Structure formats: structure tokens, C-alpha cells
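To start, the structure under review is shown below, and the notes come after it.
The values are calculated or read from the model by the stated rules, or taken from the named source; none is laboratory data. In this text, all values refer to a predicted model and were calculated from it rather than measured experimentally. With ideal geometry, Cβ positions are generated from the backbone for all residues, glycine too; neighbour counts draw on all protein chains shown.
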Amino acid sequence: MTAFAGLMVSSCVSDDVVTENTDPKGGAITFSASVGRSTRATEIKIGNLGDFGVFARGVNPSQGTFLDNFVIGETNPEIAKRYNAREEASDRWDLNTKIYWPSDVSDVLFWGFTSRINTDEEYPDIFGGNGKLGFNKDNGPELKGFSPKRSTRKNGDNYLNYLDGNIQRDLVVAFTHVHGATSNVNLNFEHALSQIKIWAKGGTGNNNHRIVKIKGAWIVNASSIGDLSANYKFKDNESTDDFSCGHTWEPKTDSHVAYGSFHETPITLTTDPKSILSANNIGSLMLIPQKVKPWEGKQPGITFENVNTQKAYILLYCRIEAFHGSKETDDYPNTPTDKTDMNASHTHQLFPHTDKWDENAYGYTCVPIEIDWQRGKIYKYVLDICGPSTGGGVYPPNLPDSIPPGITPPDGKVPGDPILDEPIKFQVSVSDWDDEWKNGNEIPM
């Protein structure tokens, strides 16, 4: 269970501010905050929450309009910076100038945004230079051009071990409406991205004692750039008491890439599912919520030369072997792609298809998936590869340029053909990030 603590933020602004008035106790506006729990690629929680950007603007509920002046921020957010000079003050965030509740405003909306953790000494801003946060006069705050990071390696580079999730950042957002002057505003940050996990099992003894080894896994054709809008709208000239705020994403459809991982040491599957994004079962990706249709697979006239798709599939860099306790079997007689051990056991290289045994040979297979990711959700794909009633998947279409080169498919094969016999089967589970902890989303101050 992750522990969460409260934090205090003194707010200020450099823009013009409406008439100031201290609350009855004479205190400046402060914030208490909490963060829903995440489980990996990049985790933001109260203990490591770094600087965050704040917008605050007055509203007139009786007329359904924003007031002209901002309380905090305007064209750009004001940045609340963590104060670490003394241990007892380590949970305080300060702005340059203290701001007090305006005397002529009774209703104020507050927004907070960040992907920064408190150890980011050289992180250029609250989004790492990734995206631009501003205020839209109709919809409220908007984050333009946000993009989860990925590996910059190209074919021929030294891949070694990498996981795109290790360089990605969580993105958290907060919104609240406050009526009446107060010196303490509660901000509950929520996860704005989708967390993606890829697990697999397989190689059961009921299917010719198959051994499956994975050296890479990717989600292919996910949008890499998107705009996040607070999507806050009044009904013009109508009274309202609905101060809900539904942050929505608009992915860029021309920004499809592959997100995933490559392993120098292969992961050997067992009957128990395990992560194939990392060797320690904690690897995941932080990606933009979006919808992408599944790749349709083999089509009439399709070839490796003419295939080009922006539809979604999971791509695997894998090797499949069949192990037997004798030198030769009826199903797998000795061939140049076999290895015979000292104890007369027999291992056959089923995939990739080569002209001789090569323990370092790996090839690409895939399984089409439909993407429908929502923000603040965890999506866990569990693949069943070469199990009792499953196979090794199908030959993929065009390969992304950020992955290692593979073995050329045999003559006569086209994208969508099975690499062995049966397709890979999979299940998808969906859960809320916040389902993983129950004790208090908001810490009272």
C-alpha cells in the first residue's frame, strides 16, 4: 500500500488579479492534494509530486459565463514549486507571490497539471518540453501536442535492453470548483493517460512440448501525439450549478508509431502469465487514450511489398522450439534445424524458418487487437502462445523502423499467414488505477 501525505501550496500570480481580500483568518490561498496510485512506467504520487501548473478563474453561475479576470494564470499557468529547504516544509509548494481570495468573486474554478516528479532537477518544465499548456476561452485549459516518449533507436543500432515505458512520464490533472472564500483548496489529481501491460503465457506440454522465447513486444500503430482539453463549457446565459469537468483527448491520426520493449536476454514463457515488456513483471507503457481499429490480417493480393496499415496489432520478436526426449520423432524427424543433446534429446527450431539450427535466430509474429483506451484505466493484454489450443500468431505487415531486423519470411508467405498452425489467443482486462488503493483519495488538512 502506497502512503499518501497532504501538501500545502501558496499560490500567486504575475497577471492582473481581481480585488484581493484575505479570508477571515488572514491566510493566502493554499492547496491540499492527492494522487491516485500508478504501478509503473512512471509513477506520480504525493511523495514525489513535483512542480505543477495552476489555472484559476472566476465564474458567474447565474449567467453561465467565465469572469474576465483570472485569479491564477492567464495565457500560461503559474507554476507551483516544491520547497525543500527544510524537512518540515518539504510538502509545501510556493509561487512567487501570495494570492488571496478576491473580494468580489464567490465561485472560482481551479485546474492543476503536471508530469514532473520532484527529482527532475533538469526537467525543463512541468511537461519536460513535451506539449504546450494554455487556456482556451471556451473550453478552459488545453494541453497541445503532448507525446509519450519512445526509443529513438533505428535498425542497426545497439539495442541492448530498453523499455519505452522507462522513459515515459505519468500525466496527472486536477479540477475543482470552490464556492465562497477559503484559504485551502483541495486538488485531487487524476491520471490522464492509459496504462498498457502486455503479458503472455504458453509452451505447455500438451502441444508438442513447445518452448516460446520472447525478446521484444510492441503495440503497433498507437497514436503518439494528442491534445488534452479540459472540455469545460457553460451553457451561454443559462444558470448552472454543474461544475463537472471532463478532460478529453484528441489523438492525431497521422502520428501512429510502435511503443514497446526489446530484451537482450529472452523471456521464456511458462504456463503462468508474465510480463513480456520487462523481465520483472512491472513493465508497462503510458499512452494517449484513443481508439484504433484492429489490423484485418490476410487480404486478397496482399504482399510484404504492398502492405501498409495504420491499424493496430501486438508485435512479438520471438523464437519457438519443440523439445522431445528422443533423437527423432514422427512429427519432427531430424533436420538441419535440429539440435541433438548429449542425452539424446531432440530440439527442433519451429520458428523462425531458417535452413539450419541457429539459437540466436528470432522472427516477427503478431496478433491484431482493437484499441479503445480510456484515461485513468489499466489495460492488461494476456497472450496465449503455443498453448493446448493456440499457435504462434501470423506474419505481420510492415515493420516499424524502431525495432531490430528479423528473419526474412519463407517464399510463398504473405502478411496474415500463420507462422505455424493456430492463431494466438488473448484476453484483455480493464481496471481503474485507483482501484489499487482504497484509503482516502483526498487528505483533509
Among the candidates Val367, Val430, Val394, single out the residue that is surrounded by fewer than 18 Cβ atoms within 10 Å (Cβ to Cβ) and within 29 Å of the chain's Cα centre (by Cα). Val430
Tell me, which strands (runs of 3 or more DSSP E) wholly within the stretch 58-128 include 2 or more residues that are more than 28 Å from the chain's Cα centre (by Cα), modelled with pLDDT under 85 and of a type in the set (S, T, N, Q)? 65-72
Counting only residues that are closer than 30 Å to Gly246 by Cα and assigned to a loop (DSSP other than H, G, I, E, B), how many does the stretch 372-428 have? 4
Considering the stretch 241-260, residues that are modelled with pLDDT under 85 and buried (at least 16 other Cβ atoms within 10 Å of the Cβ), and then whichever is farthest from Asn308 (Cα to Cα), we arrive at Phe243
Going through the stretch 325-365 one residue at a time, which ones are modelled with pLDDT of 85 or more, part of a loop (DSSP other than H, G, I, E, B) and either in contact with a strand residue (DSSP E or B) (Cβ under 6 Å, 6 or more places away or on another chain) or not assigned by TED's automatic domain parsing to the domain that holds Thr265 (or both)? Pro352, Trp357, Tyr362
Residues of the stretch 129-139 classified as surrounded by fewer than 19 Cβ atoms within 10 Å (Cβ to Cβ) and at pLDDT 85 or above, total: 3
Can you find a residue that is aromatic (Phe, Trp, Tyr), modelled with pLDDT under 80, outside any strand (DSSP E or B) and within 30 Å of Asp272 (Cα to Cα) anywhere in the stretch 210-233? no
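Quick one: which strands (runs of 3 or more DSSP E) lie wholly within the stretch 245-324 and hold at least 1 residues that are closer than 28 Å to Pro418 by Cβ? I'd like the intermediate steps shown before the answer.
Details: elements: 248-251, 256-268, 285-287, 313-324.
In the stretch 245-324, the matching strands (runs of 3 or more DSSP E) lie at 256-268, 285-287, 313-324.
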